[in-house]
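Since the structure comes first, as structure tokens, the remarks are kept for the end.
The values are calculated or read from the model by the stated rules, or taken from the named source; none is laboratory data. Note that the coordinates shown come from a computational prediction; the quantities given were computed from them, not determined experimentally. We place every Cβ from the backbone using ideal geometry, glycine too, and count neighbours over all the protein chains shown.
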Amino acid sequence: MSRNAAVAIGLAIVLRVALFPFAENKHSDAPMRALIAERMVLEPASAAVPRTYCQFGPLHMTLMRPFIALDPLAPRSSRYLSLLAGIAVLFPFLAFARRLVGPPAAELATFALAVSPLHLQASTTAASEALYLLLWVAAIERLLAALETRRPGTFALAGGLASLAALTRYDAWLALPIMVLVAWIFARRKDDGRPLVPGLALFSVCAAALPAAWLIFGARAGGDPFYFAHYISSDHAGLAAGVAGRFGPIGGRVRQLGIWALAFVAAMTLPAAVAAALALARGRRSDALRAPAMRIVVAAALGPPALYLARGLLLQSFEPLARFALVPGTLLLPLAAGAVPPAGARSFRAATAITAVAFSIIIWLVSTVGRDRIWAGAESMGALTRLDREDRDVARYLRDRRGPHDPVMIEPFSFAEIGIAHAAGVPWTESVTLIVTREPRATLAESMLATGARFVVGYDRDSGWPRRLPDWPREGSAPSRLGAVPRVSETSIGHWRVVAR
């Protein structure tokens, strides 16, 4: 390993380990994935029910379980897998980049990944992107090796890694057919005449093995093999409808383009994103894009985002999230680094590091300064994600006072209740808004009696629960009787109001 490669990897390790203690599960469905894995540790039989996994690929939560089992209900334990995957990916990524653009440019690409704000976030939270990127990069690197050697074993190994990636995130289900088609078009036959079709067929069969098994399992155990797809589609359609209602049809579409552009900058850093965009704009005039391997990688990288963008712009049925740019942006880093002349390598490294730091600082300032609560949409693009202070205080309050198996009902204010429940060590099965109902009854007493909630937490602002429920205790009032519920008390934590019985 060269000195520059060792520096890039060393820097990546230092940054991720240093940031890890301060990061918290908030974005990328990280707290929900952690809650699902915790449930499977506490109730192993739940792993045999497809709907336990919600819309998520099952591999990520399954691999989280051993780490959580070592430290049940501790928020940090759910993040160890991402930290390990976020560090481990640098080695196959370096090999992947070397196959595409050679050693010097590959080291530049690895340096850009080392300081990527989005990859730092994915490596320090319980998001699935770190594990998925590790498996996906390794799969593509082995596929490129197989296309060079035509060895059946290498095709099979690449397919096996892709199959694991497909059980981690469903993006792979979109990217795999595109990648195979492009590989068949641009790398059909080597000069020695050895055909490609048998190897690609072997790769495809191996890649499809675990997804097919997952569909069969879903059909037999859950009755709907595509439950996850229906869930994802309806969820994003609902998010997109809300955005369209707020910004209008034109504003909503412009907003989507802005999110994608900023997200690629967050994933790649500004110099790399600009270099890749210029290389793509040159098209066939770009030396790198003439190589079949690079065309395959670009198709695998941009295929899923192109489909998402089409749904968003044409149908307005998809709402992009910043993390969706991490994997495609990472795959495009070799293209960007290959466009940097050797004399400009040092300047590129400096610009990449400076802009990555500046971007993260600006994002944090925009997310926090002058705001009552952190602007989650902006924060989701940065390197560090933190719970709001009042959310963290509520979690600490519940962790200190909640008895074993006491149900908790937290108002689903901007999905904050998921992060609070996870940070408080409230299992999924004891979080009322996640398993019973997301709406309270007409009165607080009815909500407590109907759900068995020992604690009810509402956000006292706008149309929050405390303003809607007529029997909510007044702030600072002494413990009192609430209808059929004896002895309740109310505590204020920031804007949150906690009623306990």
Filter pass, A378 being more than 17 Å from E38 (Cα to Cα) and modelled with pLDDT of 95 or more: yes
Here the residues within region 7-56 that are in a helix (DSSP H, G or I) and either among the acidic types (D, E) or not assigned by TED's automatic domain parsing to the domain that holds L321 (or both) are E38
Any idea how many residues of region 121-131 are part of a helix (DSSP H, G or I) and touching a helix residue (DSSP H, G or I) at 6+ places or on another chain (Cβ under 6 Å)? 6
Any hit, region 313-320, residues being crowded, with 17+ Cβ neighbours inside 10 Å, of a type in the set (D, E, K, R) and at pLDDT below 95: yes
Count, please, the residues in region 32-41 that happen to be in contact with a Pro (Cβ under 8 Å, 6 or more places away or on another chain) and surrounded by 24 or more Cβ atoms within 10 Å (Cβ to Cβ). 3
Starting from region 131-148, take each residue that is assigned by TED's automatic domain parsing to the domain that holds A88 and under 14 Å from A88 (Cα atoms) and list its partners that are among the β-branched types (V, I, T) and part of a helix (DSSP H, G or I), counting only C-beta distances under 9 angstrom and pairs at least six apart or across chains. Y132/V327; L133/V327; L133/T330; W136/V327; W136/T330; V137/V327; V137/T330
Does region 343-358 contain at least one residue that is in a loop (DSSP other than H, G, I, E, B), among the charged types (D, E, K, R), modelled with pLDDT of 95 or more and out of contact with any Lys or Arg (no Cβ under 6 Å at 6 or more places or on another chain)? no
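A quick yes/no check of all residues on (1) in contact with a strand residue (DSSP E or B) (Cβ under 7 Å, 6 or more places away or on another chain); (2) in a loop (DSSP other than H, G, I, E, B); (3) among the charged types (D, E, K, R); (4) at pLDDT below 90:
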| site | (1), (2), (3), (4) |
| --- | --- |
| G419 | no, no, no, no |
| H422 | no, no, no, no |
| A453 | yes, yes, no, no |
| G458 | yes, no, no, no |
| S463 | no, yes, no, yes |
| E475 | yes, yes, yes, yes |
| R481 | yes, no, yes, yes |
| E490 | yes, no, yes, yes |
| R497 | yes, no, yes, no |
Only one of A208, A212, A183 is without any contact (Cβ under 8 Å) to a residue 12 or more places away in the chain and not hydroxyl-bearing (S, T, Y). Can you tell me which? A212
Candidate set: region 379-396, residues that are acidic (D, E) and not in a loop (DSSP other than H, G, I, E, B); chosen: the one farthest from H495 (Cα to Cα): E379
Within region 138-182, can you find the residues that are more than 25 Å from the chain's Cα centre (by Cα) and farther than 17 Å from A209 by Cβ? L144, A145, L147, E148, T149, R150, R151, L181, V182
The listed residue being assigned to a helix (DSSP H, G or I), under 26 Å from R392 (Cα atoms) and in the same structural domain as F22 (by TED's automatic domain parsing), out of L59, L63, L83: L83
